[in-house]
1. If we keep just the residues of region 50-71 that are small (Gly, Ala, Ser) and over 11 Å from the mean Cα position of the chain (by Cα), which is farthest from Thr85 (Cα to Cα)?
2. How many residues are in contact with a Gly (Cβ under 9 Å, 6 or more places away or on another chain) and part of a loop (DSSP other than H, G, I, E, B) when one looks only at region 12-62?
3. Looking at region 1-28 only, could you name the residues that are modelled with pLDDT of 90 or more, under 24 Å from Leu86 (Cβ atoms) and touching an Asp or Glu at 6+ places or on another chain (Cβ under 7 Å)?
4. What number of residues within region 61-88 satisfy the criterion of being under 22 Å from Arg7 (Cβ atoms), free of Cβ contacts under 8 Å to residues at least 24 places away in the same chain and loosely packed, with under 13 Cβ neighbours inside 10 Å?
5. Test Leu28 against the stated conditions and say whether it is in contact with a His (Cβ under 8 Å, 6 or more places away or on another chain) and not β-branched (Val, Ile, Thr).
Amino acid sequence: MLFSDQRQHRISLPSKTPDGQPSNVAFLIHWLCENLMRDPRRDMFVLEGSVRPGVLVLINDADWELEGEEKYELQPRDEIVFVSTLHGG
């Protein structure tokens, strides 16, 4: 478990990124890596700044590809789920 051995986290993010843009999934991924991930194996979650292949991302129970992937602008009470599809997921 890459995130402090917890399966679920409830977090609050600012509505805007530091550069003034609306918070999106790309910002969430960066925030998770910088603030929540304690495991040094960051490459198990991200590759070249994006979620690595083999990690399914759901936005409110829908595949993130249907929602615009990293560009999806986060809304209050969104549920974002990351599921490893690799062995041991």
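1. If we take residues in region 50-71 being small (Gly, Ala, Ser) and over 11 Å from the mean Cα position of the chain (by Cα), then Gly68 is farthest from Thr85 (Cα to Cα).
2. Summing the residues that are in contact with a Gly (Cβ under 9 Å, 6 or more places away or on another chain) and part of a loop (DSSP other than H, G, I, E, B) in region 12-62 gives 1.
3. Residues satisfying the conditions are Val25, Ala26.
4. The qualifying residues number 7.
5. Judged against the criteria, Leu28 is not a match.
Listed here are the residues, each with its yes/no results for (1) surrounded by 15 or more Cβ atoms within 10 Å (Cβ to Cβ); (2) touching a strand residue (DSSP E or B) at 6+ places or on another chain (Cβ under 7 Å).
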| residue | (1), (2) |
| --- | --- |
| Pro14 | no, no |
| Pro18 | no, no |
| Asn24 | yes, yes |
| Leu28 | yes, yes |
| Leu32 | yes, no |
| Leu36 | no, no |
| Arg41 | no, no |
| Gly49 | no, no |
| Arg52 | no, yes |
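The values are calculated or read from the model by the stated rules, or taken from the named source; none is laboratory data. Every value quoted in this text rests on a predicted model; they were computed, and no experiment measured them. Virtual Cβ from ideal backbone geometry, glycine too; neighbours counted across all protein chains shown.
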